[in-house]
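*Asks:* Quick one: the structure is below, questions incoming.
The values are calculated or read from the model by the stated rules, or taken from the named source; none is laboratory data. All figures in this text were calculated on a predicted structure; none of them were measured in a lab. Ideal geometry is used to build each Cβ from the backbone, glycine not excepted, and the neighbour counts take in all protein chains shown. Remember, those area values only see protein heavy atoms, side chains included, never the ligands or the DNA or RNA. Shrake-Rupley method; radii C 1.70, N 1.55, O 1.52, S 1.80 Å.
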Number of protein chains: 2
Amino acid sequence: MKKSIRAFAPATVANVSCGFDILGFAIDELGDQVEVSLRETPGLEVIHIAGDNGKLPYESEKNTCTVAIQAMLQALNYQGGMEISLYKGLPLGSGMGSSAASAAAALVAANALLGYPFDKKSLVNFAVEAERIACGAAHADNVAPSLLGGFVLIRDYHPLDVIKLPVPKGLFCTLLHPHLELNTADSRSVLRKQISLKDATIQSGNIAGLISGLYQADFGLISRSLKDVIAEPTRALLIPGFYELREAIQSIGALGSGISGSGPTIFVLSPSRKIAGEVEKIGRKVYQKVGLEVDIYISEINDKGAYVI
Amino acid sequence: MKKSIRAFAPATVANVSCGFDILGFAIDELGDQVEVSLRETPGLEVIHIAGDNGKLPYESEKNTCTVAIQAMLQALNYQGGMEISLYKGLPLGSGMGSSAASAAAALVAANALLGYPFDKKSLVNFAVEAERIACGAAHADNVAPSLLGGFVLIRDYHPLDVIKLPVPKGLFCTLLHPHLELNTADSRSVLRKQISLKDATIQSGNIAGLISGLYQADFGLISRSLKDVIAEPTRALLIPGFYELREAIQSIGALGSGISGSGPTIFVLSPSRKIAGEVEKIGRKVYQKVGLEVDIYISEINDKGAYVI
C-alpha cells in the first residue's frame, strides 16, 4: 500500500494594519488541503488539483506545493520521490493567503511522511521559497501564521526571525471577501517608496501598542493601535467598500479593520462572536450598496495552524 | 510651620534604539530632587537651584519645574502659591533626561502636597508641557519613564497614550556620559525627514521584536531587536566613541547599545550586573583612546519611577 498523508493549512491575514509586511494571523476552518504520497521514482509530481477552476500550474517548478517541498528535500538531501494532490478551499488572489496555505499544507504533510525531520517553525524557511514563486517576494507573514497558527511576527528576514505572539481569548475576525480580482502588481505599485519620519514614528508606536495589546489581552489598546498610516492610505483607494465599511461599523464595538494582505478582502477584529456577527450583517448591506457579491467568514483566531488530518 | 515635600525623579534613556521617539526607560539612583512648599501668596516661585553651575533659569515661565506645576494647577483651577527648590543630580544636555527628571520630581512633590489629586500616569500630561519649554518639543519618552519607572511606550501623543511595559529580571544598563556638549539642534537637524519604506518596515519589525522580548523576558530577542536604522545612522556620526564602543563590547555578551536621547550619552543593555561591569571597563579604555573624560553609571532598570522622599 502506498503511504500517503493529508494535511490542512488555514487561511491567513497578512499585513495586519500597522504590521505591514511583518504581522499575520490565522483563521479557523477555511483553508487548503494537500495529500502527499511517497513513490519509488525520484522527483515531485502534482497529480491532482481541485477547486482552482483550472488556474493553478501542474509544473513542479511553478506549483507552490512542489516548490516548498523541493526546498525541504534539498535541505535533507533526500533522493526519493513524492506525488502531490492539492484540494483548494481558498479562492485565488483574494488576499487570504491562498498560495501560503497550499505551501504550508504540503510541507506539513511531507514532513510527517518523512517522520518529522523538522519542527513547524523550521518549515517557514521552505514555505517562503514557495511565496517567492507565487507572489514574486519571499514574504513570510502568510506562511508563518498558516503553519504556526495565532498571531506571528516576522521580525527579520535575514535570517528569518519568526515570533509567535499570544492570542487574547474572545478575539474574533470577520473576513469580507468581495468577488473582485485585484492586480497584485497594481497593489504593490501604489505603495509609496518614501515615508515621512513622522509617519514612520506613528507606525512604530502603533505596532508597539498592538504587540503590547496582544500580550496584555487589552482590547482597548489593540483597537487604538489598529491604524496603518503607511500602506492603507493608498491601497484602500483600490478596494471598493473599504471606507464605507469602516464608517458603518464605527459604533458597534468592533476593534478595527484593515486590508487583508493586499486585498480585496477586508478583515475586522471584534471582542466577541456577537459583534463579529454584527459586522457580517452590516458588511452585507455595505457590499450590496457597492454592488459587489461578497463571501463573509467569521472565525476565532486560529491558534493551532496547519495539521495532519 | 510651612508644609513642604521633597521628591526624587530618576534619569532616563529616551529614543531607545528602534524605539525612536516612542520608548524610554528609567535608571536607578541617578536623578534630580525637588522640594515644593505651600505659601500664602499666589503664584509659583523658584527660590533655589543647586548643582546646575548657574545655568538654569529662575523665571517661572522658563523653569521646567514651574511650567510643569503650573500646568497641573491650571487643571485643578488651584489659586494658591508654591515655592520650589531644585537640586540637580543630573548634568544638563547629556541625553539622560535632565529636564524631564526636574519636571517629574516637581510634579510628584506638588501632587503629594495637594493630597494626590492625580495618579502618576496623569502627571505625564503636565510634564510634557515642561518638555515643550525645555526641548522645543512636547516629547514624553523621558518624562513618562521618569514618573512611572520601567520601560514606557508612548503609543500616541494625540491624545497621549502611555503604556508601561514589563522589565525582565536581571536586565542592567551601563550609561556612558562623555564630557562633551552636543547641540540638540544639530542632533535634530541631521535626522532624515524621509525614510525608505524598507527602513520603516525594518524599524517596525525591530520595535515589535523588542516589545515582545520585554514581555517574554527573552534576552536573545531583545538583543536581536536593538537596532535603529532611522536615527542612529546619522546621529552616531556626531557622537565620538559610538562605533568604537559598539565594536569593543561585541563579544562580551552585552545585548546591544544605542544613543541615549539625542546623545552624547550612550546606553548599553546587559543580561547581568557582571557584564554591565565589563562594559564599564571597556568603556573607560575606549573613551581614553578617543580622548574624552567619561562618567559611567551601572544600574538595574528602575521599575519604581519618581517618589516622595
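*Asks:* Of the numbered conditions (1) at pLDDT 95 or above; (2) farther than 27 Å from B:Ala100 by Cβ; (3) in contact with a strand residue (DSSP E or B) (Cβ under 9 Å, 6 or more places away or on another chain), B:Val290 satisfies every one except a single condition; which is it?
*Replies:* Evaluating B:Val290 over (1) at pLDDT 95 or above; (2) farther than 27 Å from B:Ala100 by Cβ; (3) in contact with a strand residue (DSSP E or B) (Cβ under 9 Å, 6 or more places away or on another chain) leaves (1) as the failure.
*Asks:* Which one is most open to solvent (accessible area, probe 1.4 Å) among residues in the range A:36-64 that are in contact with a helix residue (DSSP H, G or I) (Cβ under 6 Å, 6 or more places away or on another chain) and under 17 Å from A:Cys135 (Cα atoms)?
*Replies:* Here the answer is A:Ser60.
*Asks:* Right, another one. Does B:Ile5 fit the bill of being within 27 Å of B:Ser299 (Cα to Cα) and touching a Pro at 6+ places or on another chain (Cβ under 8 Å)?
*Replies:* no
*Asks:* Only one residue in B:Val279, B:Val286 is over 30 Å from A:Leu165 (Cα atoms), open to solvent by less than 10 Å² (accessible area, probe 1.4 Å) and among the hydrophobic types (A, V, I, L, M, F, W, C). Which one?
*Replies:* Testing whether each residue is over 30 Å from A:Leu165 (Cα atoms), open to solvent by less than 10 Å² (accessible area, probe 1.4 Å) and among the hydrophobic types (A, V, I, L, M, F, W, C) leaves just B:Val279.
*Asks:* If you take the residues in the range A:254-276 that are in contact with a helix residue (DSSP H, G or I) (Cβ under 7 Å, 6 or more places away or on another chain) and at pLDDT below 95, which one is most open to solvent (accessible area, probe 1.4 Å)?
*Replies:* Looking at residues that are in contact with a helix residue (DSSP H, G or I) (Cβ under 7 Å, 6 or more places away or on another chain) and at pLDDT below 95, I get A:Ser262.
*Asks:* Considering only the range A:107-133, state which residues are open to solvent by less than 50 Å² (accessible area, probe 1.4 Å) and within 15 Å of the chain's Cα centre (by Cα).
*Replies:* A:Val124, A:Ala127, A:Val128, A:Ala130, A:Glu131, listed by residue number.
*Asks:* Right, another one. From the list A:Asp295, A:Asp186, which residue is part of a strand (DSSP E or B), open to solvent by 40 Å² or more (accessible area, probe 1.4 Å), closer than 28 Å to A:Gly136 by Cα and of a type outside the set (A, V, I, L, M, F, W, C)?
*Replies:* Only one candidate passes the filter, namely A:Asp295.
*Asks:* Of the residues that sit in the range B:165-207 and are without any contact (Cβ under 8 Å) to a residue 24 or more places away in the chain and within 16 Å of A:Ile211 (Cβ to Cβ), which one is nearest to the chain's Cα centre (by Cα)?
*Replies:* Result: B:Ser204.
*Asks:* Any idea which of (1) modelled with pLDDT of 95 or more; (2) assigned to a loop (DSSP other than H, G, I, E, B); (3) surrounded by fewer than 19 Cβ atoms within 10 Å (Cβ to Cβ); (4) not small (Gly, Ala, Ser) is the one B:Gln250 doesn't satisfy?
*Replies:* Failed condition: (1).
*Asks:* Let me ask something else. Checking A:Arg192 against (1) closer than 18 Å to A:Ile259 by Cα; (2) more than 9 Å from chain B (Cβ to nearest Cβ); (3) open to solvent by 60 Å² or more (accessible area, probe 1.4 Å); (4) not in a helix (DSSP H, G or I), only one condition comes out false. Which one?
*Replies:* Tallying (1) closer than 18 Å to A:Ile259 by Cα; (2) more than 9 Å from chain B (Cβ to nearest Cβ); (3) open to solvent by 60 Å² or more (accessible area, probe 1.4 Å); (4) not in a helix (DSSP H, G or I), A:Arg192 fails exactly one: (2).
*Asks:* Being open to solvent by less than 10 Å² (accessible area, probe 1.4 Å), within 11 Å of another protein chain (Cβ to nearest Cβ), free of Cβ contacts under 8 Å to residues at least 40 places away in the same chain and assigned to a helix (DSSP H, G or I): is that true of B:Leu210 here?
*Replies:* For B:Leu210, the condition - open to solvent by less than 10 Å² (accessible area, probe 1.4 Å), within 11 Å of another protein chain (Cβ to nearest Cβ), free of Cβ contacts under 8 Å to residues at least 40 places away in the same chain and assigned to a helix (DSSP H, G or I) - is not met.
*Asks:* Just the residues that are assigned to a helix (DSSP H, G or I) and touching a Pro at 6+ places or on another chain (Cβ under 9 Å), please, taken from the range B:65-83.
*Replies:* The answer is B:Met72, B:Ala75, B:Leu76.
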